[in-house]
Amino acid sequence: MSCVPPYTGVEGDEDVGIIHIPGTPTTAVWDGSVMNACPHIGSTGEFTSADITALNILYGQSATQSCSNVNVAAYRGQTGAQIRCTCSSGGGGSVWGTNLYTDDSNICTAAVHAGVMTTSGGAVVLEVQPAQSTFIGTNRNGVTTSSYGAWGGSFRFIGAQVPQPPPLCSSFNIMSYRGQNGSSIRCNCPTVSLGASVWGTDLYTDDSDVCAAAVHAGAIPSTGGQVSVTIQPAQGSYASTTRNGVTTYSYGYYWSGSISLSP
């Protein structure tokens, strides 16, 4: 990048210009790179995350690249691009999603959640994925991730992941998903309390006991099982019926969120 205004970046023969390296910034900032043509007194002389990305793309990534130096959001639009990096430990940063994670999630913590790495660390390969309309938080391998709505970029992990059963239905706060109509959550009911509180028939209030409602809906037997919970909009009333050994309550007033259940 030229130090002479207007910093157009057009260098070389005639109007060839600069070839952009994917995953690196398209604009220059002070100390954004040790390769800037015009460093100033605040420069540390150390490689920045953009420098590391550029070097890995130009000369090949190695397993020694630290995941803490990877800015996945810089790869937005490069769906399918794979990034290899290493984690010294399982990390402790914030993560949003399950299997598909927001591109600002902590890579190492997400890797433990996904089951591709233990808390002792290791090498992982992640793949850039596009924007998603919703991210579902779950608890896996000792890591609890958060839910989130629409986000501009995501990633997933490549490799043999440890098979994990769906999280317990009781671990979800279904009411926190209000407004995400049509979104589904897969969860597990190892046991069912047939006398738990449920309001409605086919459509249930979102504060109902999911497992008892799933038995009432015929989605799982009374011995338990896995169920898909679909977020539904508010309803003006809910009807009481008895099915499959579960008697639900009626509710004759508006309630702000509902769910339906399927196998």
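Can you bin region 80-138 into rounded, prolate or oblate? Criterion: square roots of the alpha carbon gyration tensor eigenvalues sorted a ≥ b ≥ c, rounded for a/c under 1.5, prolate for a/b above b/c, oblate for the rest.
Taking the square roots of the gyration eigenvalues as a ≥ b ≥ c, region 80-138 is oblate.
At 7 Å along Cα-to-Cβ for each site, give me the label-to-label distance between residue 253 and residue 194 in nm.
3.1
Computed FRET efficiency, Cβ-Cβ of residue 127 and residue 207, R0 35 Å: what is it to the nearest 0.05?
0.40
From the square roots a ≥ b ≥ c of the eigenvalues of the alpha-carbon gyration tensor of region 163-263, which class results: rounded (a/c under 1.5), prolate (a/b over b/c), or oblate?
oblate
Probe of 1.4 angstrom, ligands and nucleic acids ignored: what's the accessible area per residue over region 92-165, in square angstrom?
41
Using only the alpha carbons of region 74-200, what is the convex hull's orientation-averaged projected area in square nanometres?
Spelled out: convex hull of the Cα atoms, projected over all directions, averaged, 8.8 nm².
Could you work out the relative contact order of region 137-253? I mean the mean sequence separation of Cα pairs under 8 Å and 6+ apart, divided by the number of residues, in percent.
Contact order relative to length: 24 percent.
The values are calculated or read from the model by the stated rules, or taken from the named source; none is laboratory data. The shown structure was predicted, so the numbers you read here are calculated from the model rather than taken from an experiment. Note that each Cβ is placed from the backbone with ideal geometry, even for glycine, and that neighbours are counted across all protein chains shown. Accessible surface is based on the protein model in full, side chains and every heavy atom, while ligands, DNA and RNA are left aside. Shrake-Rupley method; radii C 1.70, N 1.55, O 1.52, S 1.80 Å.
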